[in-house]
Amino acid sequence: NVPEDQADKLLLASWGLPKAVLEKYHSLGVVQMFEWQAECLMLGRVLEGRNLVYSAPTSAGKTLVAELLILKRVLETRKKALLILPFVSVAKEKKCYLQ
């Protein structure tokens, strides 16, 4: 569980994302994460680019964790990233709002 003193980590606005990115997520109704998603982002040195392996049921929010990690790294390092998705429909959806 996310410690009570870090409950603000559930809010997307707490992760240092640009205003335009936050506005896009908010327009899609995504303002905060589930506890398990925030826990993934706070594990070890994940935000420094270390590996993360996690598992959750379909439609649980796995892609959001990957998106946030990718967005933070791309914005901080100014390098490109490759996001591989399992279905064409998901890829098309992500393409539309990640552009």
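The values are calculated or read from the model by the stated rules, or taken from the named source; none is laboratory data. Since this is a predicted model, take the numbers as computed values, not measurements. Neighbour counts are summed over all protein chains in view; Cβ atoms, including those assigned to glycine, are modelled from backbone coordinates with ideal geometry. Just so you know, the surface numbers come from the protein's heavy atoms only, side chains and all, with ligands and any DNA or RNA stripped out. Shrake-Rupley method; radii C 1.70, N 1.55, O 1.52, S 1.80 Å.
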For the range 11-24, Karplus-derived ³J(HN,Hα) couplings (6.51, -1.76, 1.60; θ = phi - 60°; whole Hz; x for glycine and proline) come out as 7, 4, 5, 7, 9, x, 7, x, 4, 4, 5, 4, 4, 5
Which order do you get for 39, 48 if you rank them by accessible area with a 1.4 Å probe, largest at the top? 48, 39
If you stretched the chain out fully between residue 82 and residue 42, how much longer would it get, using 0.36 nm times the residue separation minus the C-alpha to C-alpha distance? 12.2 nm
Protein-only accessible surface order, largest first, of 4, 35 at 1.4 Å: 4, 35
For residue 32, residues with placed amide H under 5 Å, excluding near neighbours: 12
Accessible surface of residue 31 in the full protein assembly, 1.4 angstrom probe, to the nearest 10 Å²? 70 Å²
Simple SL model, points at 7 angstrom along Cα→Cβ for residue 11 and residue 26; separation in nm is 1.1 nm
At R0 = 22 Å, how high is the FRET efficiency between residue 73 and residue 34 if r is their beta carbon distance? Nearest 0.05 is fine. 0.55
Mind checking the alpha-carbon convex hull of the chain and giving the volume per residue in Å³? 114 Å³
Can you compute the helix-only [θ] at 222 nm over the chain? Use -39500 (n - 2.57) per DSSP H run of at least 4 residues, normalise by all residues, nearest 500 deg cm²/dmol. -13500 deg cm²/dmol
Return one number: the angle in degrees, 0 to 90 and rounded to the nearest 10, between the long axis of the Cα atoms of helix 62-77 and the longest principal axis of the Cα atoms of the chain. 90 degrees
Please arrange 27, 55 by accessible surface area, largest first, computed with a 1.4 Å probe and ligands excluded. 55, 27
If Rh is defined by the Kirkwood formula over all Cα pairs and Rg also comes from Cα, what ratio Rg/Rh do you get for the range 1-55? 0.98
Among the listed pairs 62/94; 19/72; 24/79; 9/80; 62/92; 9/62, which have their C-alpha atoms separated by more than 19 angstrom in this model? 24/79; 9/80
Over the chain, relative contact order from alpha-carbon pairs under 8 Å, at least 6 apart, %: 23 percent
Solvent accessible area, Å² - residue 28, 1.4 Å probe, full protein context: 90 Å²
Please state the charge dipole magnitude for the chain, taken about the Cα centre, from unit charges on C-beta atoms (+1 on K and R, -1 on D and E), reported in debye and rounded to the nearest 20. 660 debye
